[in-house]
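Data first, discussion second: the structure below is written as structure tokens.
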Amino acid sequence: MPRSVSLRLISAVLGVAGLVLPSAALAEMPVTYIEDNRALFYVSAPDFWQVRAGGARAITPPGSDEARLINRVIGFEPVAEQGVWVGFMSPNGVSTFAEAQEYLRNIGQSVVDNPTVDSSKPATIGGRRAQKFAGHGRRDGRAVNFTAVLIDLPGSRVAISLSVIEAGADPALIDDVNAIYASFRAAR
């Protein structure tokens with residue numbers, strides 16, 4: 001991939017969860033993340049995106065023998081395109097950004113091979129304090145850019161989100177990804 005295209009894609013991914021442009025697609029389908037019959041946060045899916053939820057499971061990261069518990073993950077993918085995925089979770093026992101970063105370190109290799117963080121900066125998502133990490137790596141043998149977002153929730157909880165975008169993915173999908181983050185609201 002030419003360097004200029006790669007830099008534009010990285011620049012676009014760095015914008016994920018940050019700035020939502022006025023022309024961004026409106027997220028249309030509400031989704032509620034619930035644990036123990038209690039809503040933790042709300043987020044919406046854009047039109048023509050599918051949403052899947054997976055329950056708790058144990059996974060073993062590459063190169064490790066230690067299985068790690070993964071809580072429910074709500075995943076978003078465009079129906080007609082491949083190469084873009086956005087996921088949200090709120091792991092039990094993770095109540096600070098430091099704990100959320102450690103959790104990401106433990107599961108990160110299961111989502112992105114050889115992840116390299118290129119930048120980290122504070123952000124605000126849904127009016128809540130957040131921390132955003134952007135970087136690159138590989139997934140299923142393809143070059144990807146990722147953005148991990150930690151969002152402070154009420155009641156000593158943290159929401160963790162990860163967006164993964166393959167090199168060559170339709171850049172227009174970034175508007176949809178930004179719309180997903182713009183729709184995020186913590187439950188009160």
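How far is it, in nm, from the label point at SER95 to the one at SER120 when both lie 7 Å from their Cα along the line to the Cβ?
2.2
Work out the FRET efficiency for ARG105 and ASP65 from their Cβ-Cβ distance, taking R0 = 22 Å, and round it to the nearest 0.05.
Plugging the Cβ-Cβ distance into 1/(1 + (r/R0)^6) gives 0.85.
Give me the dipole magnitude in Debye, nearest 20, for segment 30-186 about the Cα centre, with unit charges on the beta carbon: positive for Lys and Arg, negative for Asp and Glu.
Roughly 420 debye, rounded to the nearest 20.
Quick one: accessible area per residue over segment 30-186, 1.4 Å probe, rounded to a whole number of Å²?
47
List the relative contact order of segment 30-186 as a percent without decimals, with contacts defined as Cα pairs under 8 Å and 6+ residues apart. It would help to have the intermediate numbers written out before the result.
Numbers: 320 pairs, mean separation 36.1, N = 157.
Reported as a whole number, the value is 23 percent.
For ALA143 and ALA187 in one chain, what is 0.36 nm times their gap in residues minus the Cα-Cα distance, to one decimal in nm? Numbers along the way, then the final one.
Details: separation 44, 0.36 × 44 = 15.84 nm, distance 3.53 nm.
Between ALA143 and ALA187, full extension yields an extra 12.3 nm.
Leaving out ligands, DNA and RNA, what percent of the accessible area of segment 85-135 is carbon and sulfur, probe 1.4 Å?
Here carbon and sulfur together make up 48 percent of the probe-accessible area.
For segment 144-184, give the percent of accessible area contributed by carbon and sulfur heavy atoms, probe 1.4 Å, rounded to a whole number.
Working: 470 of 920 Å².
Here it works out to 51 percent.
Which whole-number percent of Cα pairs in segment 30-186 have a distance greater than 19 Å?
Across segment 30-186, Cα pairs with separations above 19 Å total 53 percent.
The values are calculated or read from the model by the stated rules, or taken from the named source; none is laboratory data. Computed from a prediction, not measured in an experiment: that's the story for all the values here. Cβ coordinates were reconstructed from backbone atoms using ideal geometry, including for glycine residues, and neighbour counts include every protein chain displayed. Quick note on the areas: whole protein, heavy atoms, side chains included, nothing else; ligands and nucleic acids left out. Shrake-Rupley method; radii C 1.70, N 1.55, O 1.52, S 1.80 Å.
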